[in-house]
Amino acid sequence: MALRLPRDALVPLLVLLLVVVHATDATQRLEMVTSSAPARGGAGAGTTSRARVAAASCASWRLGVETNNIRAWYSIPAACRGYVSDYMFGEQFRQDCAVVAREAAAYAEGLALAGDGREAWVFDVDDTALTNLPYYADTGFGAQPYNATYFEEYVANATAPALPEVLGLYGKLLALGIKVVFITGRHDYEREPTVKNLRSAGYHTWEKLVLKPSSLGSSVVPYKSGERQKLVDAGYRIVGNMGDQWSDLVGAPEGDRTFKVPDPMYYVA
Ligand SMILES: [Mg+2]
């Protein structure tokens, strides 16, 4: 025989059910954020930094990465692979890039330009002007360790698409008369495929394309800030600086304004 409840008992019962479900969900989320143990299927054994990364929820972890609060990580938590994949191929990444490009364009359009052709905008190349999503989609969206050999093959193929929002900004900057300078962590021996790739992706002109001398070490900040200083010494005024890594943006002279393109897939010191 079916259980019959008085009609006026149904509402309190439903409310109680919702409270229990919500509390369980909230508890699980809280445990995920506050747990000192690596998340299930997480980054596993490794540095203290990696353990901290694995303890955060994927959304909190992404926020920490983008704000430069989480540093010196080597791969995304394995538990966040699906999250990062969904983000990179989803609407949120597009919207986040659009906000960056829109703010940068509004800022550039509001500048009182001298009109002497010495205002410059610095762009990073990988995952800023060009997107390496095809490479990262093949390698677990940063969940697998960086594969230098495979990445060099990818660069040599010169097939990276433009990040559409950055390409749109690039066109606006050129129309304003701002000179574009690319400063990339790619090595100088990769100039030919890099030029080919930038052109095929729609970047048809630039003032300078600076690639890293092979003799330099791996640290990006001294190299990139040093190259920006050379621009300033040559009489350029760096009005904007855009990159997907904080190491693209920090280190004097940073440029009058910096713009961070979202990139939750890897960290470059
Ligand atoms: Mg980059």
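The values are calculated or read from the model by the stated rules, or taken from the named source; none is laboratory data. None of these values were measured; they are calculated from a predicted model. Backbone-built Cβ (ideal geometry, glycine too); neighbour counts: all protein chains shown.
For this structure, a couple of remarks:
Conditions (1) basic (Lys, Arg); (2) touching a helix residue (DSSP H, G or I) at 6+ places or on another chain (Cβ under 7 Å); (3) farther than 26 Å from Ala120 by Cα, marked per residue:
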{"residue": "Thr149", "(1), (2), (3)": "no, no, yes"}
{"residue": "Glu152", "(1), (2), (3)": "no, no, yes"}
{"residue": "Leu163", "(1), (2), (3)": "no, yes, no"}
{"residue": "Leu169", "(1), (2), (3)": "no, yes, no"}
{"residue": "Lys179", "(1), (2), (3)": "yes, no, no"}
{"residue": "Ile183", "(1), (2), (3)": "no, yes, no"}
{"residue": "Asp188", "(1), (2), (3)": "no, no, no"}
{"residue": "Tyr203", "(1), (2), (3)": "no, yes, no"}
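Residues are listed down the side, and each one gets a yes or a no for (1) free of Cβ contacts under 8 Å to residues at least 40 places away in the same chain; (2) under 21 Å from the mean Cα position of the chain (by Cα); (3) assigned by TED's automatic domain parsing to the domain that holds Ala105:
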| residue | (1), (2), (3) |
| --- | --- |
| Leu167 | yes, yes, yes |
| Glu190 | yes, no, yes |
| Lys212 | yes, yes, yes |
| Tyr223 | yes, yes, yes |
| Met242 | no, yes, yes |
| Gln245 | no, yes, yes |
| Tyr266 | no, yes, no |
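- Taken over the range 68-98, the criterion of being loosely packed, with under 13 Cβ neighbours inside 10 Å and aliphatic (A, V, I, L, M) is satisfied by Ala72 alone.
- Just one of the listed residues (Val250, Val220, Val232) is out of contact with any Cys (no Cβ under 6 Å at 6 or more places or on another chain) and more than 14 Å from the ligand (Cβ to nearest atom), namely Val232.
- Count of the range 183-233 residues, restricted to those that are under 21 Å from Gly117 (Cα atoms), among the aliphatic types (A, V, I, L, M) and either at pLDDT below 95 or not in a strand (DSSP E or B) (or both), is 2.
- All positions within the range 158-175 that are hydrophobic (A, V, I, L, M, F, W, C) and either surrounded by 16 or more Cβ atoms within 10 Å (Cβ to Cβ) or within 16 Å of the ligand (Cβ to nearest atom) (or both): Ala158, Ala160, Ala162, Leu163, Val166, Leu167, Leu169, Leu173, Leu174
- Selection status of Leu130, closer than 30 Å to Asp233 by Cβ, surrounded by 13 or more Cβ atoms within 10 Å (Cβ to Cβ), among the aliphatic types (A, V, I, L, M) and at pLDDT 95 or above: yes
- Matching residues, the range 79-127, being of a type in the set (Asp, Glu) and either closer than 24 Å to Ala175 by Cα or touching a Gly at 6+ places or on another chain (Cβ under 9 Å) (or both): Asp96, Glu103, Glu109, Asp116, Glu119, Asp124, Asp126, Asp127
- Checking Asp263 against (1) away from the ligand (no atom under 16 Å from the Cβ); (2) under 21 Å from Glu103 (Cα atoms); (3) assigned to a loop (DSSP other than H, G, I, E, B), the condition it does not meet: (1)
- Boolean, Val155 is over 21 Å from Glu254 (Cβ atoms), surrounded by 20 or more Cβ atoms within 10 Å (Cβ to Cβ), in contact (Cβ under 8 Å) with a residue 24 or more places away in the chain and within 15 Å of the ligand (Cβ to nearest atom): yes
- Across the range 123-130, a minimum of one residue is classified as within 16 Å of the ligand (Cβ to nearest atom) and small (Gly, Ala, Ser).
- Tally of residues being surrounded by fewer than 18 Cβ atoms within 10 Å (Cβ to Cβ), more than 16 Å from the ligand (Cβ to nearest atom) and at pLDDT below 90 across the range 139-150: 4
- Residue within the range 183-196 that is touching a strand residue (DSSP E or B) at 6+ places or on another chain (Cβ under 9 Å), under 21 Å from Asn69 (Cβ atoms) and surrounded by fewer than 19 Cβ atoms within 10 Å (Cβ to Cβ) present: no
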